[in-house]
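Structure first, commentary second.
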Ligand SMILES: [Ca+2]
Ligand SMILES: [Ca+2]
Ligand SMILES: [Ca+2]
């Protein structure tokens, strides 16, 4: 972008002495810096950096659709952010009205944009107050799209969970075209360690969906590859592919807490031609 700006300023400087001064000042301020490498964005489907101030009054102003119950469910946050000036603050309370049988504030990818293969980057922050007991929470899900005549209440095939103070990945798969509700051929929990508090966690997820042995599931946590499932089934036998949701969803509170707050920033969804570098959180 800086190159483009320079070219514009130089071209206008030929017509005005005032612009000439602006060019010299701009050059002086940025001369020591080499031109920045730009993030490739051509394979991105959805981006949410929470920098659009319109989100404050209209949480639907961005690329994702917010499922939420009240005004406190989603807010722009200025003091805790991964990049730029603002992040998204997601909150649920035990006293909130329920949505689809549970407490949730989740931003969702449009189902029509789901692809057979996708790259997902997002940054997530748990404050000190986030306590996770035995009942657990969904903090990221790749939600399947049921076929006609199939139950819609199946567990997501790929889910990021908190529970008992830890982060876990839950993978499910099934070969049946019409699945029995709640029963999958395969179920695997992958423990990703204790929930880091008061720090941003940068996630990159790559999924090539398959209910056969052609699936790929790769997950990086803060640049370290923590899941690598190649040529294994990782989803259900459906005509349409799963769509990504992030936020927090809780179906049963237990006694560990009555409120959950999580922050998100730097959310990007790319198609099958995308890459780690294209979706990874943080400045370029
Ligand atoms: Ca931001
Ligand atoms: Ca089955
Ligand atoms: Ca199906």
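Yes or no: the stretch 113-122 includes at least one residue that is closer than 13 Å to residue 247 by Cα and either away from ligand 2 (no atom under 16 Å from the Cβ) or touching a helix residue (DSSP H, G or I) at 6+ places or on another chain (Cβ under 8 Å) (or both). Before you say what the answer is, go through the steps one by one.
So the first thing to find is which residues in the stretch 113-122 are closer than 13 Å to residue 247 by Cα, and the list is 122.
Narrowing the set further to residues that are either away from ligand 2 (no atom under 16 Å from the Cβ) or touching a helix residue (DSSP H, G or I) at 6+ places or on another chain (Cβ under 8 Å) (or both) leaves 122.
So far as the stretch 113-122 goes, yes, one or more of its residues are closer than 13 Å to residue 247 by Cα and either away from ligand 2 (no atom under 16 Å from the Cβ) or touching a helix residue (DSSP H, G or I) at 6+ places or on another chain (Cβ under 8 Å) (or both).
Considering the stretch 96-120 alone, what residues qualify as being within 16 Å of ligand 3 (Cβ to nearest atom), surrounded by fewer than 16 Cβ atoms within 10 Å (Cβ to Cβ) and part of a loop (DSSP other than H, G, I, E, B)?
Initially, the stretch 96-120 is screened for residues within 16 Å of ligand 3 (Cβ to nearest atom), giving 111, 114, 116.
Cutting the leftovers down to surrounded by fewer than 16 Cβ atoms within 10 Å (Cβ to Cβ) gives us 111, 116.
Of everything in the stretch 96-120, just one residue is within 16 Å of ligand 3 (Cβ to nearest atom), surrounded by fewer than 16 Cβ atoms within 10 Å (Cβ to Cβ) and part of a loop (DSSP other than H, G, I, E, B), namely 116.
Tell me which residues, restricted to the stretch 230-267, are away from ligand 3 (no atom under 16 Å from the Cβ) and under 20 Å from residue 279 (Cα atoms).
244, 245, 246, 247, 263, 264, 265, 266, 267
Scan the stretch 37-68 for residues that are surrounded by fewer than 12 Cβ atoms within 10 Å (Cβ to Cβ) and modelled with pLDDT under 95 and jot them down.
Of everything in the stretch 37-68, those that are surrounded by fewer than 12 Cβ atoms within 10 Å (Cβ to Cβ) and modelled with pLDDT under 95 turn out to be 37, 38.
State whether the residues of the stretch 84-95 include one that is touching a residue at least 40 places away in the same chain (Cβ under 8 Å), surrounded by fewer than 16 Cβ atoms within 10 Å (Cβ to Cβ) and within 16 Å of ligand 1 (Cβ to nearest atom).
For the stretch 84-95, residues touching a residue at least 40 places away in the same chain (Cβ under 8 Å), surrounded by fewer than 16 Cβ atoms within 10 Å (Cβ to Cβ) and within 16 Å of ligand 1 (Cβ to nearest atom): present.
So is residue 213 within 16 Å of ligand 2 (Cβ to nearest atom), touching a residue at least 12 places away in the same chain (Cβ under 8 Å) and under 23 Å from residue 44 (Cβ atoms) or not? Give the steps one after another, and end with the answer.
On the way: within 16 Å of ligand 2 (Cβ to nearest atom): yes; touching a residue at least 12 places away in the same chain (Cβ under 8 Å): yes; under 23 Å from residue 44 (Cβ atoms): no.
Judged against the criteria, residue 213 is not a match.
Working carefully through the options 234, 252, find the one that is touching a strand residue (DSSP E or B) at 6+ places or on another chain (Cβ under 7 Å), touching a residue at least 40 places away in the same chain (Cβ under 8 Å), under 30 Å from residue 149 (Cα atoms) and in a loop (DSSP other than H, G, I, E, B). Please lay out each step first, then the result.
Values: 252 fails: touching a strand residue (DSSP E or B) at 6+ places or on another chain (Cβ under 7 Å).
Among 234, 252, only 234 is touching a strand residue (DSSP E or B) at 6+ places or on another chain (Cβ under 7 Å), touching a residue at least 40 places away in the same chain (Cβ under 8 Å), under 30 Å from residue 149 (Cα atoms) and in a loop (DSSP other than H, G, I, E, B).
Taking residue 197 as the residue in question, decide whether it is modelled with pLDDT of 95 or more, crowded, with 17+ Cβ neighbours inside 10 Å and in the same structural domain as residue 164 (by TED's automatic domain parsing). Spell out the reasoning first.
Numbers: modelled with pLDDT of 95 or more: yes; crowded, with 17+ Cβ neighbours inside 10 Å: no; in the same structural domain as residue 164 (by TED's automatic domain parsing): yes.
No; evaluated as a whole, the condition is false for this residue.
The values are calculated or read from the model by the stated rules, or taken from the named source; none is laboratory data. Treat the numbers as computed from the prediction; the structure is a model and nothing was measured. Glycine gets a Cβ as well: all are built from the backbone with ideal geometry, and neighbour counts include every protein chain shown.
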